[in-house]
Amino acid sequence: MDMLSILLYAWIMLETALTVDSIAKPANPRRAATRARICEAANSLFFEKGFAAVTMEQVALAADIQRSTLYLHFREKDDILAAIANSYTAKLRPVIVRLPGPVPTREEIADWVNEFAAFVSAERAATELLVSLSHLPKAPEPALAFGQALLAMMAERLAAIREALEPGNDMKRAWMIAVMDTLGWALCNHARNGVNTMSQARLAVAAEGLYHFVRGEF
């Protein structure tokens, strides 16, 4: 199976998981509220202390629930991280869908990057958590799945990314990774530091890199 097929499969599985989750556990508002409170508390802890340093006991304490209640909802930290990633991806998808394709203009990309920046500013903790974890040598599986889902969504919009994911396009794939990394870290920097000349410059560089990439100018 080639990389594009793997990513598209991962995205289908993620969407299926989101759908199944909404069907399987919806009808109990109290359960949904408890899961949301757990995820919110864990998201804050992961952001402040680092994913590896946080224990399930700390999550239960921050969510103001018993550990036994926590384990009724999530078996381990990776399950909580997966729920955070799924929720984040569902919120992110409308932003990705508004990226004009298959070959957007410089102005369209700049506008979209600014919209993306506004989104990550509102979702700072989850953004920094998922971006930083996905770059670890031994990244947690939910963080890797998020990265794959993001690329699959981007591939739906941009022909250049679809081509980069096809077998034999190693140079184009390497440029795609460089461009996406630059964008990801520029967005994190913007979320962390707000609007200033440097954060705006980094977003502009990221947008320019994406513009040239989609045109094969590398």
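Rule-based calculations on the coordinates, nothing more; no lab input. Given the structure is predicted, the values throughout are model-derived calculations rather than measurements. A quick note on method: Cβ atoms are made from the backbone with ideal geometry, for glycine too, and the neighbour counts reach across all protein chains shown.
General observations
- Estimated purely from DSSP H runs of n ≥ 4, each contributing -39500 (n - 2.57), the mean residue ellipticity at 222 nm for the chain is -26000 deg cm²/dmol once divided by its residues.
- C-alpha long axis of helix 197-214 to longest principal axis of the chain, angle in °: 60 degrees
- Note on region 3-214: lysine pairs with Cα distance below 28 Å, sequence gap of 8 or more or different chains, count 9.
- When the convex hull of its Cα atoms is viewed from all sides, region 138-218 shows a mean projected area of 6.1 nm².
- Once the chain from Val95 to Met56 is taken as fully extended at 0.36 nm per residue, the excess over their C-alpha distance is 10.8 nm.
- Taking the number of Cβ atoms within 10 Å of each Cβ as an exposure proxy, the fewest-first ranking of His190, His73, His135 is His135, His73, His190.
- The trypsin sites (Lys or Arg not before Pro) of region 161-218 meeting both criteria, a DSSP state outside H, G, I, E and B (loop) and at most 13 other C-beta atoms within 10 angstrom of the site's C-beta, are Arg215.
- The modelled label-to-label distance between Ala36 and Arg106, using points 7 Å beyond Cα along the C-beta direction, is 4.4 nm.
- Each principal axis of the Cα cloud of region 15-145 was taken in turn, and the coordinate range along them, longest first, works out to 53, 34, 24 Å.
- Compared with the alpha-carbon gap, the fully stretched path from Asn28 to Gln200 is longer by 57.5 nm at 0.36 nm per residue.
- Among Ile65, Ile80, Ile177, sorting on how many other beta-carbon atoms sit within 10 Å of each Cβ, with the fewest leading, yields Ile177, Ile65, Ile80.
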